[in-house]
Amino acid sequence: MTISLHRLWLAATAAILLAQSASSAELTGEQKLAVYQSRDLAETSRDLRGVADNRGAVIRALQGLPAGLDDAAYQEHFPEAMQALYLALRSRSVKLPLTEQVHFSVSPTGNRAATNSMRVTGKDVGAPPESLKLWDLDTGSKIAELMPSAQSTTEGATLGATIFSPDGNRLALGVGQSGLIKVWNATDGTELQVLGEEAGRGGSAISSFSGGEGRYLSTIGGGTGIAMRAWDVETGKMVLSVDAETCAFPRPLLHPEEGAIWYVVMPGLGSRCDNKTSEIRRFDPATGENKTVLAVDELEMHWMFSISDDGNLIAMKRGDGDYLVHDLTSGAEISRIPAAAVGWAELRFTPDASMLAGEGESEYELLYFSVDTGERVDPPLDQMMQSNLAIGEDGNPLGWDENRAPKLYGGHLPTGAALVAYAMDQLSAPDLAELEKERLTW
């Protein structure tokens, strides 16, 4: 591999700047050069990961990590390359034979994906519309074709993405504009249930399952005057119907509690309603109890909500763009993240609920904010999130995972020197030979 002119310029600049820095006086000139070359290799690793070249991403990151250092040295001098290596090991790439832009959904377990056409069918469209397909992301193979394109894509309207239950065992999508919703087994694609015998009443936009096993499925749309419905997937019966009003629009929420349905009722965006208060509600199908858990002002029909994995915290985007974090048990506001810091990002809790993560405006950037303070933070490696992107053979995006904000997949990886050793063990002999051709020394 030839060192780029960009890297040589970085190295020359680094030598000049670091020679003047008292804080780096303990490093030799060669070590200072290695630090800056490592940053450039980390950037190259991120670029390769962005085009689904995970093998290349791992090798470039390792080239920026000299062998034989301890945890403290890797963390102090090579944090960018360590982060690039961690993300490259967490990422996977598979090729799916798709012909056009698609709605692309990944299961919470990370081993299944579902795709259907993103755009509207019509005579002026070149490629044929895609049917609804279920994929094995471990192998890249198609498991089943769940619905033909005539049902999974409609003339004059486009359906949303499929959704998976939180445990990854079920998925669902509306059937054209029939008002029906089909539910499948995500393991083998077997049809489990058809919900909503209201054929011809208008399309249903799937919203979310409730609880880890997805016993209940909530939808929006699908009938005149009915804005939200919730179904018992086991019995096929509707258990909740909430009408939409000008100043009270319902929207289901994804909450981990089993046996309950959570949703929010909020005023329309930019509406002239006197009441600007939105209510977070919990409905118990077993008892019929429907109570307001939290009331918040100025949400104005924003669709960006996230609830922590333990069900105790909720993050909500206000009409002015600020993000609010509240405790669902006490109702107390914990922190507020200003709109200027968040931008258009949709934030989601990290697994331990200590941070909120979302996609930044620049390519491949992820933002992290402390739940306690609302301030921007750098996450530890084992709390880093990642997004899912479907890329065609020409390198252009086919679609983004539309179920949720960035997710965390897979088992726990080691950190520090153990992470470097783990990555080395995954490489083949040819990969190791390529690595050693230009690996930095210390």
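The values are calculated or read from the model by the stated rules, or taken from the named source; none is laboratory data. Bear in mind the structure is a predicted one, so any value in this text is a computation, not a measurement. FYI the Cβ positions are ideal-geometry reconstructions off the backbone, even for glycines, and counts take in every protein chain you see. These accessible areas exclude ligands, DNA and RNA; they are computed on the full protein's heavy atoms, side chains included. Shrake-Rupley method; radii C 1.70, N 1.55, O 1.52, S 1.80 Å.
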Integer Hz, Karplus 6.51/-1.76/1.60 couplings in order for region 228-236, x for Gly and Pro: 9, 9, 10, 10, 8, 5, 5, 9, x
Heavy-atom accessible area ranking, 1.4 Å probe, most first, across THR350, THR190, THR44: THR190, THR44, THR350
Rg and Dmax [Cα atoms of region 311-380; Å; Rg one decimal, Dmax integer]: 11.4, 38
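Probe radius 1.4 Å, ligands and nucleic acids left out: which of MET424, MET238 has the largest accessible area, and how do the rest follow?
Result, largest first: MET238, MET424.
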Rg [Å, one decimal], Dmax [Å, integer] - region 251-339, C-alpha atoms: 12.9, 40
Accessible area (Å², 1.4 Å probe, nearest 10) - GLU145: 100 Å²
ALA244-LEU427 pseudo-label distance in nm [points 7 Å out on the Cα-to-Cβ vector]: 5.5 nm
Å² of accessible area per residue within region 247-351, as computed with a 1.4 Å probe and no ligands counted: 43 Å²
Accessible carbon and sulfur surface of region 260-347 relative to its total accessible area, %, 1.4 Å: 46 percent
Over 23 Å between alpha carbons, listed pairs LYS237/LYS276; LYS142/LYS182; LYS142/LYS237: LYS237/LYS276; LYS142/LYS237
FRET efficiency estimate (nearest 0.05) - Cβ-Cβ, ALA73 to GLU298, R0 56 angstrom: 0.70
With all protein chains modelled, accessible area of SER370 [1.4 Å, Å²]: 20 Å²
Per-residue SASA entry for GLU434, accessible area with 1.4 Å probe, Å² rounded to 10: 50 Å²
Whole-percent carbon and sulfur share, accessible surface of region 36-87, 1.4 Å: 44 percent
